[in-house]
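First up is the structure itself, then whatever we jot down about it.
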Amino acid sequence: MADNFKDLKWYSQFFRKCSKCGTCKSAYSYGPPPTNATICPQGEYFKLDSYYGSRAKSFLGQAILENRVDLTDPAIQEDMQKAVFSCTVCGGCQTQCQLDYKPWIIDYIEEMRHNLVNRGIGPTKAEKIYQEKVIKDHNPYGETHSSRFNWLKDVRNLKTDGNTVYFAGCTASYRRTEIAKSTASVLTKLGEDWAVMGENEYCCGSPLLRAGLREEPQKLAEHNVDYLNDHGFKTIVTACAGCYKVLAKEYEKWWGLKLKAKVLHTSQYLEEKMKKGELKLSSVPATVTYHDPCHMGRHMNHYEVDMEGKKQWKGSYIQIDKPGLYETPRNVLKAIPGIQFKEMYRNRDNSFCCGAGGGIKASYPDVALETAKTRIKEAEGLDGVQKMVTPCPFCVTNLGDATKALGSKVEVVDLIQLVDQALKK
Amino acid sequence: MVLSDDNRIRQSNFKPYLINPGGIFLDKKERIYKTLSQIVGDEKWVSNSPVDCWAYSYDMTYKRPQMPNYVVLPKTPEEIQSILRLANAEKIPVVPFTAGTNIGGLCVPEQGGILMDLKRMDEILEINEEVRFAVIEPGVSQAQFAQELFKRGYRFGWPVGPPSASVLACAIHHGIGGMSGRYGLNSNHITGMEVVRPTGEILMCGSPAIRRDSWQSCMPLPRFDGLFTGTLGTTGVVTKLGVFIPPVPDYVHIGTFAAENLTDMEKFMRTFSKYEYADDLTAISWWLSQVPIPYPYVEKPKGAPEWTGYTVLYAFTEKELENKIDVFNKVIKDLGKQGNTIKSTDVPEESKRGRTQLPSQIVGSTKNYCKMGGGGIAWPGTFTPSNRWVAVYNLWKEIYTKKAKIPLSPSTRVTMYRGCHYGMLRIMTPFPRDRPEEEANAAWCVREAAKVLIDAGGIPYKPPTDFAREINKRADPGWIDLICDIKDMLDPNGIMNPGKWGVR
Ligand SMILES: Cc1cc2nc3c(=O)[nH]c(=O)nc-3n(C[C@H](O)[C@H](O)[C@H](O)COP(=O)(O)OP(=O)(O)OC[C@H]3O[C@@H](n4cnc5c(N)ncnc54)[C@H](O)[C@@H]3O)c2cc1C
Ligand code: SF4
Ligand code: SF4
């Protein structure tokens, strides 16, 4: 099957340019005042240099490619799997790096996983289990496909035609149905002619892509794209950061699958409405902070690279010419009357991952939980913050688990829930 | 059973451990692994996996990879004592490591052994604003320290190195920073230290040796801290360091200047440095002023000055600053009258500010140096009397642009230090990590540059093993004997970072 993935050898032209300076180990800026904060969830948990930041990944890629370690030895296979698969692929390290390796870091880490999958050294046990579930039931949670839109029964009848289609995604459909319901409610209140894909909505493929799989997510992508293109939708809206990255960027990037409809995260959809003066929000008095999901923020940064050497030299990284979605969700949040907004220390490009990404929640739950606890503690450190708002059901889940584990008073809510609440009044 | 068969150990505060935790059937590798895990309390902080060891096997230089056999991450000096006692008992090398950014392969284990990664020891134990010192652990990074000091209005001699690098590792190796013109090297700021000797004893140097909470100065006691400074992790593990922290002055001016050649530039720097007004007085060749350094060599455009420079003038009052600026301008004017090509320049405010904005993610990330070269960087960084700079620079240019198979940019920096007319002379040498021939070309240039430099009276700092050999070849035999005696006395089994000094 044709695709645009590159192999590890190809990426080596970039990861061999890592100077091992270690700048990717923390988020530092001179300011003034100088600020420094941890940025790598994997490194913070394991501490060994084989786990810390994109520096570690450059070492590991070379070890794999040049047979620097014996990958036929089962014990070494296990260690390599742990080092490569316990990274949340959050991209915090990528933000720090200044060399030509930078633009490629995320894709390269996933290619390293793919390489290990081909050698039988991945995916992890937990990923294998959810991979089978996705193939069988089109969701990683082991729920029946037919129950995907059970949440909708409380809202309205299943409608599969309309201007706008709401791509709910697996987490909102099966685990965070309150987010799916709020999204439906908001679309209805705004008078949108909206539909769902019904039994034709399959997992977007993100959990499989993140685990280094290629053929299985391609099948999901082809299925979803065929359906969406055949049904004449003008807009695809999703409230999930993971689905958003895959729909808005990866289907085309990896497989050349173009969606005819415009893909919007709900926050973009709401900002558009706001600009047209169609978003009438009433007061929700609360002191809140905002957590940037990696898949909507850093992962959506667009990098200008001089592949041909026309401006600088071949393969040189020039700049981020289009940033990810940082301001849009903040603009929506701040537009809700009564909201007192407080920024966390680590934000936007330097946001600290919730800990759930890259298959970690399933494969390394301790890493996921410890990471989320760190993030919740950061919010607790802000005077009077009652809610941590984020526009991603998966972040909500993991951060919510951390609040429970910590007995924290900070409540984690999805942005769409807050907007729904404001629209009600 | 508590290990107590070594009568050199006179102290009892180290962490006891079982000599053979897994029973007599464990092989040596497994036994050491288990013992290390027991010492640090959790297998999480130990590894003997080649996957983990590989990530400590090389650095940004051209040094060939060499893996340790174990990595251990201690949290306390007591754990370090026990690790060193184990290493003595088993006769295995120990390599202290904080971030591995030293540009000299100094943490690449020559003979394998235990890589002691100190990043978990990352506490700033005290910032004493009254007596103006701070006490830090080895894992405290430049970035972490900068954040905390700035909040309180204090500063340190920030190097242009990576923000993630250790303040302690830099200071004990005569690190150079943004205050070296005014206060001297970072090792001049050391006010006391706690060290674990290679044989496991712990000691304090300087004023805390007499009263544990007094970290004001290493003087007037004998400078035993000297046994552990500039020694590349071969004489012990420094576990706490006291450093002097001056306040951030209220006024700053960055003067910029250019000269057609290093002769004129050096004359200006020597003349201006006598006033001891500059916190930083630095000049760079045209190739280094390009961001990043051109790789390979390109011709300097005709008419562009070969040398540009800057001086950072800090002051506590307006008058003090005015005076410093007046003197700076006067020196330039007077030299100009004598036919010197030095002149003031006008550069954008932003790039001027960059001179004081340290530590810097941009420079420290090596972007300015090796973004174009391709990830590798090495250099002879040296302390050299300023009257030899010109001669050495001319030889370096010959080596880099004429003798090298692939000509390289002579991207050279000179910085005046406090005290007398000597300073940093170094030639940054980037190279592509994935092209062995070009890497070898850069390595050849760096080695040749080091040789002519040492012959001219300069001395490389934080020297890699190939430089150490060149230094020792030319060294006074009595001095070598003393090094050997000290090393044998402190480290009878030769376990501490063996090979790095080039003598043992
Ligand atoms: C781009 C760039 C620019 C740089 N610019 C400067 C500069 O301007 N000035 C400057 O001084 N340096 C500079 N450096 C060098 C380097 O950053 C510093 O030397 C740095 O402080 C080293 O810290 P580290 O944590 O990486 O030490 P490491 O490389 O981990 O260790 C350095 C040495 O110290 C030993 N060591 C570490 N911890 C201990 C301990 N607790 N006890 C005993 N021995 C120990 C190690 O064994 C090794 O020999 C630069 C480096 C780079 C990459
Ligand atoms: S990944 Fe980038 S920031 Fe990290 S060590 Fe390599 S070059 Fe430095
Ligand atoms: S992607 Fe995130 S978790 Fe992975 S190495 Fe980078 S910063 Fe660490």
What FRET efficiency comes out for the pair B:GLU322/B:VAL503, r = Cβ-Cβ distance, R0 = 51 Å, nearest 0.05? 0.50
FRET efficiency estimate (nearest 0.05) - Cβ-Cβ, B:SER344 to B:ARG132, R0 35 angstrom: 0.55
Specify the inter-centroid distance of the range B:332-409 and the range A:70-120, based on alpha-carbon positions, in whole Å. 37
Across A:95-106, the residue-averaged tally of Cβ atoms belonging to other chains within 10 Å stands at 3
Quick one: if you stick a label point 7 Å off each Cα along the C-beta vector at B:ALA475 and B:ARG152, how many nm between them? 3.7
I want the local charge near B:PRO292. Using Cβ-Cβ distances under 9 Å, sum +1 for each Lys or Arg and -1 for each Asp or Glu among the other residues. +2
For chain A: relative contact order, % (alpha-carbon pairs under 8 angstrom, 6 or more apart): 17
How far, in nm, would the chain grow between B:ARG270 and B:LEU26 when pulled straight, counting 0.36 nm per residue and subtracting the alpha carbon separation? 81.5 nm
With a ≥ b ≥ c from the Cα gyration tensor eigenvalues, square-rooted, and the rule rounded for a/c under 1.5, otherwise prolate when a/b > b/c and oblate otherwise, the protein assembly as shown is prolate
Within chain A, percent of DSSP bridges classed antiparallel, to nearest 5: 30
Roughly what would the spin-label model give for A:ASN157 and B:ARG223, points 7 Å off Cα along C-beta, in nm? 9.1
Is the range A:1-122 rounded, prolate or oblate when judged by the Cα gyration tensor, a ≥ b ≥ c being the square roots of its eigenvalues, rounded requiring a/c under 1.5 and prolate requiring a/b larger than b/c? prolate
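Based solely on its DSSP helices, what 222 nm [θ] is calculated for chain A when runs of n ≥ 4 H residues each add -39,500 (n - 2.57) and the sum is averaged over all residues, nearest 500 deg cm²/dmol?
-12000 deg cm²/dmol
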Which of the peptides A:72-84, A:368-380 is most tightly packed, and how do the rest follow, judged by the mean count of other Cβ atoms within 10 Å per residue? A:368-380, A:72-84
May I ask which of A:LYS181/A:LYS258; A:LYS245/A:LYS377; A:LYS342/A:LYS377; A:LYS82/A:LYS128; A:LYS245/A:LYS322 have a Cα-Cα span longer than 18 Å here? A:LYS181/A:LYS258; A:LYS245/A:LYS377
Using alpha carbon centroids, what distance separates the range A:368-417 and the range A:197-251, in Å? 27
Hey, could you pull the Cα Rg and Dmax for the range A:21-85, both in Å? 14.6, 50
Low-density loop positions, trypsin sites (Lys or Arg not before Pro), the range B:104-139 - DSSP coil, at most 15 other Cβ in 10 Å: B:ARG132
Relative to the first principal axis of the alpha-carbon coordinates of chain B, what is the inclination of helix B:436-455, with its axis defined by its Cα atoms, in degrees from 0 to 90 and to the nearest 10? 80
Compute the relative contact order of the range A:137-267 as a whole-number percentage, counting only Cα pairs closer than 8 Å that sit 6 or more residues apart in sequence. 27
Under 13 Å between alpha carbons, and skipping anything fewer than 8 positions from B:LYS119 in its own chain: which aspartates and glutamates qualify? A:GLU44, A:ASP49, B:GLU137
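Considering only the protein assembly as shown, what is the antiparallel percent among its DSSP beta bridges, to the nearest 5?
70
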In angstroms, what radius of gyration and Dmax does the range B:251-463 have, counting Cα atoms only? 17.2, 56
What order, most packed first, do the peptides B:457-464, A:291-298 have when packing is the mean number of other Cβ atoms within 10 Å of each residue? A:291-298, B:457-464
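When Cβ neighbours within 10 Å are restricted to other protein chains, what is their mean count per residue of peptide B:355-368?
Neighbouring Cβ atoms belonging to other protein chains average 5 per residue here.
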Averaged across the residues of B:372-378, what count of C-beta atoms belonging to other chains lies within 10 Å of each residue's C-beta? 5
Below 8 Å, C-alpha to C-alpha, sequence gap of six or more: please give me the relative contact order for the range A:266-371 in percent. 31
A:LYS262 paired with B:THR256, simple spin-label distance in nm, labels 7 Å along Cα-to-beta-carbon: 4.5
On Cα atoms only, tilt of A:215-230 relative to the major axis of chain A in degrees: 30
Once the Cα atoms of helix B:142-152 and of chain B are each reduced to a long axis, what angle between those two axes, in degrees from 0 to 90 to the nearest 10, is obtained? 70
Would you please put B:348-360, B:208-220 in order of how densely packed they are, using the mean number of other Cβ atoms within 10 angstrom per residue and starting with the highest? B:348-360, B:208-220
Quick one: net charge around A:LYS136, please, counting Lys, Arg +1 and Asp, Glu -1 for every other residue with C-beta under 12 Å from its C-beta. -3
What's the FRET efficiency of A:ASP383 with A:ASN331 using the Cβ-Cβ distance as r and R₀ = 25 Å, to the nearest 0.05? 0.60
I'd like the distance separating the alpha-carbon centroids of the range B:144-222 and the range B:32-50, in whole Å. 30
What is the gain in length, in nm to one decimal, between A:GLU343 and A:GLU199 on full extension, counting 0.36 nm per residue of separation less the C-alpha to C-alpha distance? 47.9 nm
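All of the numbers you see were taken from the coordinates with simple rules; none came from a lab. From a predicted model like this one, the values you see are computed outputs, not experimental measurements. As a convention, Cβ positions derive from the backbone with ideal geometry for all residues, glycine included, and neighbour counts pool all protein chains shown.
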